[in-house]
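The structure under discussion is supplied below as structure tokens; questions concerning it will follow.
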Amino acid sequence: MDSQYKTVLKFAIAELEEKKSRFIASVMPVSSEEKALSFINEIKTKNWDATHNVYSYYIEGSNIVQRFSDDGEPSGTAGLPILEVIKRMEVRNLVVVVTRHFGGTLLGAAGLIRAYGKSASLAIEEGGIVTKKLCTEVSIVIEYDLFGKIKNMLISKDYIIKDIIYEQDVEIIVFVEEKQLGSLVKTINEITNTRSIVEPGNKSYITLDAQGKLIV
């Protein structure tokens, strides 16, 4: 898995009508193929009376898993266009299911490709594209007279502050990328003349919005 990737924030639905055919696209962030298949089955069960339940998913872990199904549509006109949208929008770890209720008019190959691709992209946008970044949670404990300098430094260098705890001393908890960890420790030691305690903690993926702000 990359140290940073884009995905959707939440489950979402988008609907498109093309020559009286209804295309209902459902998107869900997933962390494994098992969860993707479970979501697909859930949508198929819910929409058992639909003409087609087309899907595609792209999951990146130790290996890349990408699958799609046309579910009875002409080959290459449904599942593959959805997968191509996922790749073009550069999102990962998600599944898209597009449910079609046939409206009585044939759309042709080009029309199907356009409708499935467009409905998938609308659902992905509706789900909210976010960035997942692998970071280490770092605790910085300092005396109150150093707090202003350290906080200003963290903000100026775009470190992501998770929390500030005011007790006998001040504890600032920040999220730091692995490649920035050494530089952060060095800078804090220089500013505080080693009058600080810096303790790296657990690594995890944090979620950032389009402006780079932390989503809790």
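The values are calculated or read from the model by the stated rules, or taken from the named source; none is laboratory data. Please read all numbers here as calculations on a predicted model, not as lab measurements. A quick note on method: Cβ atoms are made from the backbone with ideal geometry, for glycine too, and the neighbour counts reach across all protein chains shown.
Does segment 116-123 contain at least one residue that is of a type in the set (S, T, N, Q), in contact with a helix residue (DSSP H, G or I) (Cβ under 7 Å, 6 or more places away or on another chain) and assigned to a helix (DSSP H, G or I)?
Looking only at segment 116-123, we keep the residues that are of a type in the set (S, T, N, Q), and these are 119, 121.
Restricting the remaining residues to those that are in contact with a helix residue (DSSP H, G or I) (Cβ under 7 Å, 6 or more places away or on another chain) gives 121.
Next cut, assigned to a helix (DSSP H, G or I) only: 121.
Within segment 116-123 (the criterion being of a type in the set (S, T, N, Q), in contact with a helix residue (DSSP H, G or I) (Cβ under 7 Å, 6 or more places away or on another chain) and assigned to a helix (DSSP H, G or I)), the answer is yes, since at least one residue qualifies.
Still on this model: Among all residue pairs at least 6 apart or on different chains, which show Cβ distances below 6 Å where the first residue, located in segment 110-136, is of a type outside the set (Asp, Glu) and the second is assigned to a helix (DSSP H, G or I) and buried (at least 20 other Cβ atoms within 10 Å of the Cβ)?
That search, which allows pairs on different chains as well, returns ILE113/PRO81; TYR116/PRO81; TYR116/ILE82; GLY117/PRO81; GLY117/VAL85; ALA120/ILE82; ALA120/VAL85; SER121/VAL85.
Here is a further query. Conditions first: (1) under 26 Å from VAL8 (Cα atoms); (2) surrounded by 10 or more Cβ atoms within 10 Å (Cβ to Cβ); (3) aliphatic (A, V, I, L, M). ILE165 passes all but one, so which condition is the exception?
Failed condition: (1).
While we're looking at this one, here's another question. Only one of LEU37, LEU83 is aliphatic (A, V, I, L, M), in the same structural domain as LEU122 (by TED's automatic domain parsing), assigned to a helix (DSSP H, G or I) and touching a strand residue (DSSP E or B) at 6+ places or on another chain (Cβ under 8 Å); which?
Values: LEU37 fails: touching a strand residue (DSSP E or B) at 6+ places or on another chain (Cβ under 8 Å).
Just one listed residue meets the conditions, LEU83.
Name the residues in segment 20-32 that are loosely packed, with under 15 Cβ neighbours inside 10 Å and either at pLDDT below 90 or not in a loop (DSSP other than H, G, I, E, B) (or both), would you?
Within segment 20-32, LYS20 is the sole residue that qualifies.
Please state which of the following conditions GLU17 fails to meet, knowing it meets all the rest: (1) over 23 Å from LEU106 (Cβ atoms); (2) assigned to a strand (DSSP E or B); (3) at pLDDT below 95.
(1)
May I pose another question? If we scan segment 57-74, do we find a residue that is surrounded by 23 or more Cβ atoms within 10 Å (Cβ to Cβ), within 21 Å of the chain's Cα centre (by Cα) and in the same structural domain as ILE43 (by TED's automatic domain parsing)? Give the derivation first.
Just the residues of segment 57-74 that are surrounded by 23 or more Cβ atoms within 10 Å (Cβ to Cβ), to begin with: 57.
Now narrow it down to the ones that are within 21 Å of the chain's Cα centre (by Cα): 57.
From what is left, the residues that are in the same structural domain as ILE43 (by TED's automatic domain parsing) are 57.
Yes, segment 57-74 contains a residue that is surrounded by 23 or more Cβ atoms within 10 Å (Cβ to Cβ), within 21 Å of the chain's Cα centre (by Cα) and in the same structural domain as ILE43 (by TED's automatic domain parsing).
State yes or no: is ARG100 more than 20 Å from the chain's Cα centre (by Cα), closer than 16 Å to VAL54 by Cα, surrounded by fewer than 24 Cβ atoms within 10 Å (Cβ to Cβ) and assigned by TED's automatic domain parsing to the domain that holds LYS44? Full working, then the answer.
On the way: more than 20 Å from the chain's Cα centre (by Cα): yes; closer than 16 Å to VAL54 by Cα: yes; surrounded by fewer than 24 Cβ atoms within 10 Å (Cβ to Cβ): no; assigned by TED's automatic domain parsing to the domain that holds LYS44: yes.
No.
Let me ask another. Which one is nearest to LYS132 (Cα to Cα), of the residues in segment 169-202 that are in contact (Cβ under 8 Å) with a residue 60 or more places away in the chain and surrounded by 15 or more Cβ atoms within 10 Å (Cβ to Cβ)? Before the answer, list the steps.
First pass over segment 169-202, keeping only residues in contact (Cβ under 8 Å) with a residue 60 or more places away in the chain: 177-178, 198-202.
If we keep only those that are surrounded by 15 or more Cβ atoms within 10 Å (Cβ to Cβ) as well, we get 177, 198.
Working: GLU177: 12, VAL198: 24 Å.
Only one residue fits best here, namely GLU177.
When you go through ILE197, ILE206, ILE113 one by one, which is the residue that is farther than 25 Å from THR7 by Cα, not acidic (Asp, Glu) and not in a loop (DSSP other than H, G, I, E, B)? Step through it out loud before you land on a result.
Numbers: ILE206 fails: farther than 25 Å from THR7 by Cα; ILE113 fails: farther than 25 Å from THR7 by Cα.
So the residue among ILE197, ILE206, ILE113 that is farther than 25 Å from THR7 by Cα, not acidic (Asp, Glu) and not in a loop (DSSP other than H, G, I, E, B) is ILE197.
Taking segment 33-56 as the search range and keeping residues that are surrounded by 13 or more Cβ atoms within 10 Å (Cβ to Cβ) and among the acidic types (Asp, Glu), which one is farthest from the chain's Cα centre (by Cα)?
Once the filter is applied, the top-ranked residue is GLU42.
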